[in-house]
Amino acid sequence: MNKPLIQVDNVSVSFQVKDHIVDAVKNVSFNVYEGDIFGIIGSSGAGKSTLVRTLNRLASPTSGQIYVNDTNIASLSGKSLQHFRFNVGMIFQNFNLASSKTVYENIAFVLKAAGKRGAVVKERTTELLNLVGLSDKAFAYPTELSGGQKQRVGIARALANDAKILLCDEATSALDPQTTAAILELLKQLNREFKLTIVLITHEIDVIKKICNRVAVMSQGEIVELNNTFDLFASPKKDFTQSFLDIDKNTDLPEKIKNSVKGKLVRLRYINENATEPVLYQSAKQANVAFNILHGFIEYFNDQALGNLVVELIGNNQNINELIQSLKNHDVIVEDIY
Ligand SMILES: Nc1ncnc2c1ncn2[C@@H]1O[C@H](COP(=O)(O)OP(=O)(O)OP(=O)(O)O)[C@@H](O)[C@H]1O
């Protein structure tokens with residue numbers, strides 16, 4: 001496997017609050033690879049913000065190490081820390097724009113902070129405005145922008161000094177679904193065109209499904225499960241993941257149908273949406289098992305489709321087991337419901 005771009009080793013973060021200690025992040029380890037869109041999902045208070053803030057040294061681990069490009073970031077100071085921060089941009093839920101500056105000035109400001117002057121600033125700012133689709137808003141003030149436009153300025157600013165990593169702290173949580181989709185599309189484009197590595201934290205399952213290739217599920221300061229997004233949704237290993245990500249879809253069956261089920265109820269998950277029904281049909285015929293499809297839907301993760309079927313199997317146990325084995329041999333994930 002590639003070398004990690006970000007390596008988080010046994011990181012814990014605790015806060016002293018009056019007379020007690022809050023363990024916000026507990027012994028967390030994971031790697032992020034170049035080109036990843038790495039999602040961290042969890043409910044409020046899970047420790048996501050604290051964890052992501054350690055990645056650009058906005059917060060410091062109480063214990064553990066973080067390496068970015070093989071450099072232990074705790075060792076950085078002065079110019080090397082400043083340079084590191086140019087390389088790791090960040091965007092926020094509330095955009096954090098300077099309200100007294102125009103869009104152009106908000107972007108130019110961070111370029112000037114990095115020592116750039118004159119034509120270089122003008123050229124790069126114009127380029128960035130173009131990149132995020134805001135060329136016509138250069139001289140508008142933040143109050144004159146929609147939420148989506150404000151976040152585009154945030155993105156331009158975060159990437160201004162050629163950041164290789166973008167950290168997103170609930171960057172779309174304040175936006176409506178349509179604007180969220182447009183911002184996620186822009187992030188995907190930046191990831192594709194510039195190999196921008198993105199670490200995003202969110203409590204929105206749809207954000208993870210739409211753009212992340214890998215995801216960590218966080219609860220109470222710990223990473224409960226980490227996997228490729230597709231595999232995590234297709235076969236979660238932990239009950240917490242299953243319930244948090246709302247994967248338990250058999251609840252979608254109306255009571256009347258559930259009560260009428262006489263055979264064995266299973267959920268089938270499969271990658272190739274075209275292949276499973278024929279496989280099910282042929283395997284069931286061979287095993288002498290009858291089946292009823294009670295529920296079905298296809299979910300999309302990035303560009304990959306995951307088919308789901310809830311099926312009642314009717315036959316003797318041995319035949320049903322034979323059918324289940326045959327489905328598994330065809331890479332269908334079979335899960336008992338009851
Ligand atoms: N500066 C701080 N001082 C004291 N406690 C803190 C501080 N920052 C965070 N915490 C606590 O650490 C825990 C994790 O908070 P954090 O903001 O990282 O969670 P989160 O998953 O990002 O939640 P949210 O989505 O609500 O922001 C919480 O119990 C929070 O109260």
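List Asp9, Asp206, Asp36 from most exposed to least, where exposure is judged by having the fewest other Cβ atoms within 10 Å. Kindly include the intermediate steps, with their values, before the conclusion.
Values: Asp9 16, Asp206 13, Asp36 21.
Least crowded to most crowded, the residues run Asp206, Asp9, Asp36.
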Test of understanding: express the Cα radius of gyration of the range 252-331 as a ratio to 2.2 N^0.38 Å, with N the residue count.
1.11
Quick calc, Glu204 & Thr71: beta-carbon distance into FRET formula, R0 30 Å, rounding 0.05, result 0.40
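Would you mind calculating the relative contact order of the range 63-145 from Cα pairs under 8 angstrom and at least 6 residues apart, reporting the percent as a whole number?
Working: 43 pairs, mean separation 24.9, N = 83.
The value is 30 percent.
Starting with the fewest neighbours, write out Glu193, Glu204 ranked by other beta-carbon atoms found within 10 Å of each beta-carbon.
On the way: Glu193 9, Glu204 16.
Ordered by Cβ neighbours within 10 Å, fewest first: Glu193, Glu204.
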Hey, got the Cα dimensions of the range 103-166 along the principal axes, in Å, largest first?
30, 25, 17
Highest-fluctuation residue, Ile314, Ile165, Ile91 considered, GNM on the chain with Cα pairs under 10 Å
Ile314
Is there a pair in Lys48/Lys195; Lys48/Lys209; Lys195/Lys237; Lys258/Lys328; Lys256/Lys328 whose C-alpha atoms are over 26 Å apart, and which pairs would that be?
Lys195/Lys237; Lys256/Lys328
Ordered by fewest other Cβ atoms within 10 Å, a rough proxy for footprinting exposure, Tyr141, Tyr104 read Tyr141, Tyr104
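What does DSSP give for the range 156-298 in terms of the percent of beta bridges that are antiparallel, rounded to the nearest 5? Spell out each step's value before the answer.
Numbers: 6 of 11 bridges.
The antiparallel fraction comes to roughly 55 percent.
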Of the residues Asn317, Ile337, Leu294, the Cα lying farthest along the dipole of the range 269-338 towards its positive end, which is defined by charges on the beta carbon of Lys, Arg, Asp and Glu, belongs to Asn317
So how far apart, in nm, are the two label points at Lys122 and Ser63 if each is 7 Å from Cα heading toward Cβ?
5.6 nm
Once Lys and Arg get +1 and Asp and Glu get -1 on their Cβ, which of Val52, Phe244, Ala305 lies farthest toward the positive end of the dipole of the chain?
Val52
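Can you run the Rg to Rh ratio on the chain? Use alpha carbon positions and the Kirkwood inverse-distance Rh.
Working: Rg = 24.0 Å, Rh = 22.4 Å.
Reported Rg/Rh (Cα atoms, Kirkwood Rh): 1.07.
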Round to the nearest 10 and give me the degree value, 0 to 90, for the angle of helix 276-287's Cα axis relative to the longest principal axis of the chain.
30 degrees
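May I ask for the Rg/Rh ratio of the range 55-212, computed from Cα atoms with Rh as the Kirkwood radius, given to two decimals?
Values: Rg = 15.7 Å, Rh = 16.3 Å.
Radius of gyration relative to Kirkwood radius: 0.96.
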One point scatterer per Cα, no solvent, Debye formula: log10 I(q)/I(0) for the range 20-78 at q = 0.15, 0.23, 0.24 Å⁻¹ comes out as -0.50, -1.12, -1.19
Sticking with the crude label model, points 7 Å out along Cα→Cβ, report the distance from Asn316 to Lys18 in nm, one decimal please.
6.9 nm
Calculate one ³J(HN,Hα) per residue across the range 323-338 by plugging θ = phi - 60° into the Karplus curve 6.51 cos²θ - 1.76 cosθ + 1.60, and present them in order as whole Hz with x for glycine and proline.
4, 4, 5, 5, 5, 4, 5, 9, 6, 8, 7, 10, 10, 6, 9, 6
For a Förster distance of 56 Å, can you work out the FRET efficiency between the beta-carbons of Ala114 and Lys285, rounded to the nearest 0.05?
0.25
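Do you know the relative contact order of the chain, to the nearest whole percent, from alpha carbon pairs under 8 angstrom that are 6+ apart? Before the final figure, lay out each step's value.
Values: 607 pairs, mean separation 59.3, N = 338.
Worked out over the chain, it gives 18 percent.
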Can you give me the C-alpha center-to-center distance between the range 1-54 and the range 67-125, rounded to a whole angstrom?
22 Å
Among Ile293, Ile223, Ile73, determine the one that fluctuates most according to a GNM of the chain built with springs between C-alpha atoms less than 10 Å apart.
Ile293
Helix 147-159 versus the longest principal axis of the chain: what angle, 0 to 90°, nearest 10, using Cα atoms?
70 degrees
Scattering curve values for the range 149-261, log₁₀ I(q)/I(0), Debye with Cα scatterers, q = 0.09, 0.10, 0.14, 0.19 Å⁻¹:
-0.32, -0.38, -0.68, -1.05
Provide the descending list of Cα extents for the range 5-122 along its principal axes, expressed in whole angstroms.
50, 32, 29
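Quote the charge dipole size of the chain about the Cα centre in Debye, to the nearest 20; the model charges only the Cβ of Lys and Arg (+1) and of Asp and Glu (-1). It would help to have the intermediate numbers written out before the result.
Numbers: 36 positive and 36 negative charges, 212 e Å.
Charge dipole, the chain, about its Cα centre: 1020 debye, nearest 20.
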Over the chain, with a Gaussian network built from C-alpha contacts below 10 Å, which listed residue (Val28, Val103, Val17) shows the highest mean-square fluctuation?
Val17
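Bear in mind that the values in this text are calculations on the coordinates, not laboratory data. From a predicted model like this one, the values you see are computed outputs, not experimental measurements. A quick note on method: Cβ atoms are made from the backbone with ideal geometry, for glycine too, and the neighbour counts reach across all protein chains shown.
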